[in-house]
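Contents: one structure, followed by commentary.
Values quoted throughout were computed directly from the atomic coordinates according to the rules given, and no laboratory measurement underlies them. It should be emphasised that the depicted structure is a prediction, and the values quoted were computed from it without experimental measurement. For neighbour counting, all protein chains shown are included, and Cβ atoms are generated from backbone atoms with ideal geometry for every residue, glycine included.
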Amino acid sequence: MRLIGADGQQIGIVPPEEGLTRAREAGLDLVEIAPTARPPVCRILDFGKYLYTLEKEDKIARKKQKVVHLKEIKLTSKIKEHDYRTKLRNAIKFLERGDMVKLTMMFRGRELSHINLGERILNRFVEDVSDLADVEKNTGLEGRAIVLHLQPKPAGRKKQKSVTKSAETQDEQSRTEQI
């Protein structure tokens, strides 16, 4: 077996008995690092400390992982402007957080005969969030609904404040126009 010392220096190829005696003399453990290598690689180290460092590295790796949630926004083909802007604002908030957004255009009754109205609203929605997200999956018409999945762009988070402010100013402008 190939033996590596406690200080990280390679000792060389030695029989297993010699590796065990060297580990006992140092008051440490002989740990097989790469069993599939030819010859197998073993290292002299404190096994408890080795397990502790592995667990700590695992914990750090899990902490760095980003959990992506799927948020759904349901629309209808007869949505009013204020409701549309509210749903758009929520979608922007979700995308800025890094969550995926599932857009569902629901059709009821005779609305199925006017699918183009729903598609127009969905296209407008996608255009409004185009600087924050890309369409990942467009399943088309499934039963009585059209479903789109929006994946946030990695660079979109930097522009988040300006987009949110522009949506809010549009909302305020429409309020003043109504008065």
Open item on the list: List the residues, sorted by chain then number, that are 5 or more residues from Lys153 or on another chain and whose placed amide H is less than 5 Å from its amide H.
Closed with: Ala133, Asp134
Task: Segment Glu119-Ile13, length gained on full extension (0.36 nm per residue, minus Cα span) - done: 31.2 nm
Open item on the list: Using helices alone, I'd like the mean residue ellipticity at 222 nm for the chain: each DSSP H run of four-plus residues gives -39500 (n - 2.57), total over residue count, nearest 500.
Closed with: -14500 deg cm²/dmol
Task: Leu70/Arg110 FRET efficiency (R0 35 Å; Cβ-Cβ; nearest 0.05) - done: 0.70
- [ ] Can you grab the distance from the C-alpha centre of segment 114-137 to the C-alpha centre of segment 33-79, Å, no decimals?
- [x] 36 Å
- [ ] Give me the percent of DSSP beta bridges within the chain that run antiparallel, rounded to the nearest 5.
- [x] 70 percent
Open item on the list: Just want the ordering: Leu103, Leu54, from fewest to most Cβ atoms lying within 10 Å of their own Cβ.
Closed with: Leu54, Leu103
Open item on the list: About the Cα centre, and with charges only on the beta carbon of Lys, Arg (+1) and Asp, Glu (-1), how big is the dipole of the chain? Nearest 20 debye, please.
Closed with: 700 debye
Task: More than 15 Å apart - percent of Cα-Cα pairs taken over segment 2-64 - done: 53 percent
Task: Bins of 5 Å, starting at 0 and running to the largest distance - Cα pair percent for the chain - done: 1, 7, 12, 12, 10, 7, 6, 4, 4, 5, 6, 7, 6, 5, 4, 2, 1, 0, 0
- [ ] Note down the net charge around Thr139, summing +1 for each Lys or Arg and -1 for each Asp or Glu among other residues with Cβ under 14 Å from its Cβ.
- [x] -1
